[in-house]
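Structure first, then comments.
Please treat every number below as a calculation from the coordinates, not as lab data. Keep in mind it's a predicted model, so treat the numbers as computed, not measured. Here Cβ is always computed from backbone atoms with ideal geometry, including for glycine, and neighbour counts include all displayed protein chains.
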Ligand SMILES: *[C@@H]1O[C@H](CO)[C@@H](O)[C@H](O)[C@H]1NC(C)=O
Ligand SMILES: *[C@@H]1O[C@H](CO)[C@@H](O)[C@H](O)[C@H]1NC(C)=O
Ligand SMILES: [Mg+2]
């Protein structure tokens with residue numbers, strides 16, 4: 001086979017690989033630019049992987065939308081097997097920690113879960129909104145919440161049930177507001193979550209508070225009520241940092257948005 005034949009074979013393979021590949025690779029046209037676009041794609045991939053490291057570790061601090069060159073990367077990360085794998089490994093470490101906790105047997109051993117991108121996935125919404133590249137639109141997002149059809153993150157559902165079997169009391173602490181309580185309960189039940197101890201949403205007095213402050217205050221209330229918060233799971237650092245922090249905090253991946 002000559003070089004032209006080989007190139008054709010490569011192209012046919014590239015075009016027929018399923019959509020898990022980044023857009024930049026799928027959309028290449030069979031012309032002389034092929035090597036250029038592939039090199040650019042590789043550079044984006046490398047950069048965006050480093051960018052993802054910095055946002056997950058909070059090195060990046062506050063950010064409002066994903067870099068435009070990383071839309072394809074985030075799409076592939078979220079829709080492909082990497083997000084499922086990363087959240088699966090986090091869930092496994094979380095459960096291993098939970099299994100090692102010696103429970104008090106007094107019903108005061110607690111685990112705190114955030115909801116969005118921790119138990120429920122809003123990926124269907126973000127698929128329709130540029131994977132975090134569009135400015136956040138509260139009205140559209142609230143309409144999506146009202147539908148109450150966000151699917152469970154499978155690894156988190158497994159963790160949730162595992163912790164319940166171990167005897168932890170589950171507290172759901174979300175940045176969603178009280179007016180979204182019914183839709184949130186409906187969605188949680190629809191996705192397989194049940195028997196939580198309490199669902200804590202932002203009330204009127206929590207309006208405008210930074211998530212870190214609001215969530216810390218709520219955890220402090222639980223501690224004041226005698227609960228021991230062994231573990232806390234969240235996709236945002238603001239779910240986990242502040243005061244009254246859990247003994248162990250577990251950060252889930254989220255390269256789509258940042259909440260201070
Ligand atoms: C998590 O643990 C389960 C049970 O040990 C295992 O089957 C699964 O492969 C693990 N998941 C990951 C992503 O490592
Ligand atoms: C929420 O559900 C409860 C019980 O089903 C109902 O009484 C209440 O009116 C609902 N609240 C809203 C805001 O829809
Ligand atoms: Mg969240």
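General observations
- Counting beta carbons within 10 Å around each of 117, 149, 138 and listing the fewest first gives the order 138, 149, 117.
- Working note: Cα gyration tensor of segment 153-260, eigenvalues times five, square-rooted, sorted largest first, giving semi-axes of 20, 17, 16 Å.
- For peptides 166-176, 44-54, sequence by mean Cβ density within 10 Å, most packed first: 166-176, 44-54
- Rounded to whole Å, sorted largest first: equivalent-ellipsoid semi-axes of segment 83-251, Cα gyration tensor: 25, 19, 15
- For segment 53-139, the equivalent ellipsoid derived from the Cα gyration tensor has semi-axes of 31, 15, 13 Å, listed largest first.
- Peptides 74-80, 94-100 ranked from most to least packed give 74-80, 94-100, packing being the mean of other C-beta atoms within 10 angstrom over each peptide's residues.
- Taking 0.36 nm per residue of separation and subtracting the current Cα-Cα distance, fully stretching the chain between residue 161 and residue 179 would add 3.8 nm.
- Förster-model FRET efficiency, 22 Å R0, residue 108 and residue 247, C-beta, rounded to 0.05: 0.95
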